[in-house]
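The values are calculated or read from the model by the stated rules, or taken from the named source; none is laboratory data. Worth saying up front: this structure is predicted, and the values here are computed from it rather than measured. Here the Cβ positions follow ideal geometry from the backbone for every residue, glycine too, while neighbour counts run over all protein chains shown. What goes into the accessible areas is simple: the full protein's heavy atoms, side chains included, and nothing from ligands, DNA or RNA. Shrake-Rupley method; radii C 1.70, N 1.55, O 1.52, S 1.80 Å.
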Amino acid sequence: MTRSRLIAAVLSAAALTACGTPPPASPVPQAAPTTTTTADVPGADPAAWFDAYCGPMGVTEIARVAIGADGARGAEAMKAAAVRWASTAAASDRKMADDLEKVGAMSSDVQNLHDRLVKSLRLEATGWDDVAGRLQGLAADAKFPERFQQVTATRGGNSDGVAALFEQIVKIPAYTEAFRANKVCSGWQELARGN
């Protein structure tokens with residue numbers, strides 16, 4: 001076989017292989033392509049979601065207010081109130097995280113924010129545990145108020161900023177009114193404003 005015939009045979013074989021098998025005689029019916037969207041999927045009831053978030057906030061706010069009232073009775077009472085407040089804040093953050101996780105996101109459009117908020121609450125609870133331990137180790141003397149402020153100013157544990165994440169959710173128009181109408185949320189806000 002000459003070189004030109006060999007090349008022609010190889011090219012013919014390659015052409016037949018490239019063509020593959022012939023198409024079927026009758027076309028196979030295909031389903032129409034479906035389009036997927038990122039439409040919002042409803043989730044938790046906004047009232048239940050805000051109850052889960054705001055309920056423990058009121059407990060923490062009451063404990064915070066007690067620091068000032070108990071502080072008037074002396075450094076020992078102030079220290080006890082401060083430790084109780086930090087411990088309450090840790091427990092409240094854990095309860096919020098657990099309750100929000102149980103309730104679920106209000107919709108798919110806030111799922112990521114919801115998940116980050118739950119994670120951040122758990123981290124913040126760890127930070128408050130640390131604060132409670134550090135406050136417990138401080139002497140209940142005239143310098144306690146100053147040291148108390150230093151400890152709370154340097155607390156760690158919150159990676160994303162719970163307040164910032166919550167604010168992002170509340171600023172979504174679909175949830176703004178639900179937040180404003182929530183009695184549990186307005187209750188702790190009144191406590192915070194009053195003190």
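Can you find a residue that is in a loop (DSSP other than H, G, I, E, B), open to solvent by less than 80 Å² (accessible area, probe 1.4 Å) and either charged (D, E, K, R) or without any contact (Cβ under 8 Å) to a residue 24 or more places away in the chain (or both) anywhere in the stretch 117-140? Walk me through it before giving the result.
So the first thing to find is which residues in the stretch 117-140 are in a loop (DSSP other than H, G, I, E, B), and the list is 137-140.
Filter once more, so that each one left must be open to solvent by less than 80 Å² (accessible area, probe 1.4 Å): 137-140.
So of that shortlist, the ones also either charged (D, E, K, R) or without any contact (Cβ under 8 Å) to a residue 24 or more places away in the chain (or both) come out as 137, 139.
Within the stretch 117-140, one or more residues are in a loop (DSSP other than H, G, I, E, B), open to solvent by less than 80 Å² (accessible area, probe 1.4 Å) and either charged (D, E, K, R) or without any contact (Cβ under 8 Å) to a residue 24 or more places away in the chain (or both).
Is it the case that the stretch 119-126 has a residue that's farther than 19 Å from L100 by Cα and of a type in the set (S, T, Y)?
No; the residues of the stretch 119-126 include none that is farther than 19 Å from L100 by Cα and of a type in the set (S, T, Y).
Could you please find all residues in the stretch 111-131 being in contact with a helix residue (DSSP H, G or I) (Cβ under 9 Å, 6 or more places away or on another chain) and among the polar types (S, T, N, Q)?
If the condition is that a residue be in contact with a helix residue (DSSP H, G or I) (Cβ under 9 Å, 6 or more places away or on another chain) and among the polar types (S, T, N, Q), then S120, T126 are the ones that fit.
Could you look through the stretch 141-163, keep only residues that are surrounded by fewer than 13 Cβ atoms within 10 Å (Cβ to Cβ) and within 18 Å of the chain's Cα centre (by Cα), and pick out the one that is modelled with the highest pLDDT?
Only one residue tops the list, namely A163.
Could you give every pair whose Cβ atoms fall below 6 Å, whose first residue belongs to the stretch 50-71 and is in contact (Cβ under 8 Å) with a residue 24 or more places away in the chain and closer than 24 Å to A164 by Cβ, and whose second residue is of a type in the set (D, E, K, R) and in a helix (DSSP H, G or I), counting only separations of at least 6 or pairs across chains?
A52/D99; P56/K95; A63/R84
Quick one: would you say A18 is part of a loop (DSSP other than H, G, I, E, B), small (G, A, S) and modelled with pLDDT under 50? Steps first, answer last, please.
On the way: part of a loop (DSSP other than H, G, I, E, B): no; small (G, A, S): yes; modelled with pLDDT under 50: yes.
Taking the combined requirement at face value, the residue does not satisfy it.
If I filter the stretch 103-111 for residues that are within 16 Å of the chain's Cα centre (by Cα) and among the charged types (D, E, K, R), do I get at least one hit?
yes
For (1) of a type in the set (F, W, Y); (2) at pLDDT 95 or above; (3) open to solvent by 50 Å² or more (accessible area, probe 1.4 Å); (4) assigned to a helix (DSSP H, G or I), each residue gets a yes or a no:
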| site | (1), (2), (3), (4) |
| --- | --- |
| S4 | no, no, yes, yes |
| P27 | no, no, yes, no |
| M57 | no, no, no, yes |
| V110 | no, no, no, yes |
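Please determine whether any residue of the stretch 70-83 is crowded, with 17+ Cβ neighbours inside 10 Å and touching a His at 6+ places or on another chain (Cβ under 6 Å).
No, the conditions are met nowhere in the stretch 70-83.
Residue by residue through the stretch 89-108, note down the ones that are open to solvent by less than 30 Å² (accessible area, probe 1.4 Å) and part of a helix (DSSP H, G or I).
A89, A90, S92, D93, M96, A97, L100
Among the residues of the stretch 173-195, how many are at pLDDT 90 or above and either in contact with a Leu (Cβ under 8 Å, 6 or more places away or on another chain) or surrounded by fewer than 15 Cβ atoms within 10 Å (Cβ to Cβ) (or both)?
Of the residues in the stretch 173-195, 6 are at pLDDT 90 or above and either in contact with a Leu (Cβ under 8 Å, 6 or more places away or on another chain) or surrounded by fewer than 15 Cβ atoms within 10 Å (Cβ to Cβ) (or both).
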